[in-house]
1. Across segment 361-373, in residue order, what do the Karplus-derived ³J(HN,Hα) couplings come to in whole Hz, using 6.51 cos²θ - 1.76 cosθ + 1.60 with θ = phi - 60° and x for Gly and Pro?
2. For segment 326-375, what value does the Rg/Rh ratio take when both radii are computed over Cα atoms and Rh is the Kirkwood radius, given to two decimals?
3. In a solvent-free Debye calculation with one equal scatterer on each Cα, what is log10 I(q)/I(0) for segment 187-343 at q = 0.14, 0.19, 0.20 Å⁻¹, listed in the order of the q values?
4. How large is ³J(HN,Hα), in whole Hz, for each residue of segment 86-91 in order, when computed from phi with the Karplus curve 6.51 cos²θ - 1.76 cosθ + 1.60 and θ = phi - 60°, using x for Gly and Pro?
5. For S323, enumerate residues with amide H under 5 Å from its amide H, sequence gap 5+ or separate chain, H modeled in the peptide plane.
6. May I ask for the distance between the Cα centers of segment 172-243 and segment 317-362, given as a whole number of Å?
7. Amide H neighbours of F291 under 5 Å, at least 5 residues apart or on other chains, H built in the peptide plane: list them.
8. Just how large is the dipole of segment 187-343 about the Cα centre, in debye to the nearest 20, putting +1 at every Lys and Arg Cβ and -1 at every Asp and Glu Cβ?
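Only the coordinates and a few stated rules stand behind these numbers; no lab work does. Since we're looking at a predicted model, the values are computed, not measured. Cβ coordinates were reconstructed from backbone atoms using ideal geometry, including for glycine residues, and neighbour counts include every protein chain displayed.
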Amino acid sequence: MGFIGMKIGVLTSSRADFGIYLPLLKQMEKDEFFDIKIIAFGTHGSHFHGETISEIKKTGFSNIDLIQSLLLNDNPNGISTSYGLTATKFSDYWSINKFDLVFCLGDRFEVSAAVQAGIPFGVKFVHLHGGETTLGAIDNIYRHQITLASKIHFSSTEAYKKRIQSIINNRDHIYNVGSLSLDSIEEFQFMGEENFKNKFNLPYGPFVLITFHPETVDINKNQRYALEMKSALKEMSNEYFLVITMPNADTNGKIFRNAIEELKNEIPEQLLCIESFGKTYYFNAMKYSEFLVGNTSSGIIEAASFEKYVINVGNRQKGRAKSTNVVDCSFSSKEILKSIEEVKHLGSFNGANIYKKSNTAKRIVKILKNNYASF
């Protein structure tokens, strides 16, 4: 008798989405009903971005396919070419690999390309984090493309569930389960501040966790934004050590990378640049930081659960629902520093996280098993 259950593919294109998937992957791995294959592509195979395929393997998963399709050139032509190459590679992949369901997450351009290639093959996609809005990034368009191509939807809030219904003009198979990245976060085992700092050779004293990505809607302003970022960070370094996670493979990402590397040369004793923390170390970094600065979704979705305030810079996350720990400011050195003065005396944030629901991974597994026949 052959396998009776669901053959699941999991599309992961970056360090970020794999960390979010992890609670669900572990939950499905324990259940013989699921046969999981991880489909890694995007930055996972890129030496420039830390070859994070190694992080996947460290978690114990061995059933992995790696697809190379990312070009290092991050100007609009390079991103567009990578999109086309990814679609071509996945056209071949979907033609010979069959799954009952394929998970996809968020809004990356590479994920959109993989999903669009699957439409003619009738691939049944399951989308996490659909319905969200990021007006400062073209990811907004990619996210909605993925939503339209997907059959099953797991939203992070009730408002996003309603937006998905509006986008697809249907109410079937849309479930509000909360953010998967926050699953069982109350059970997370932290390593201790001293151990964390020793691991990364951080000095004794306060540090700020920083992540900046380019804005990909009005891309011509990124040179100025990177200079404003650099100016603000240099001033911050007089009071705080800077822990910087490097930008994703977005349009004009190298502009921000170059600015950060210039800053590293100017104040080498005051900052640490990390290509990829991985989920465990990133959560520890959030826990032990004073606050967060930048324009990453983790500041919006996760930081409130770590009792941290977030200075959210510019428009990249504009339109996303936010908990009350988020302080918005423009892409101006003066405004960033003003916001820092505002939050640094507030201490720990003790409000609610609007993205948190209990047992998100278990909810997803239960829904999949209960509705298997109708998908």
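1. Per residue, the Karplus-derived 3J(HN,Hα) values read 4, 5, 4, 5, 4, 4, 5, 4, 6, 6, 10, 3, 5 Hz.
2. Rg divided by Rh gives 1.35.
3. -0.65, -1.26, -1.40
4. Result, ordered by residue: 5, 4, 5, 4, 6, 4 Hz.
5. I354
6. That distance is 12 Å.
7. Amide H neighbours of F291, under 5 Å, 5+ apart: L209.
8. 380 debye
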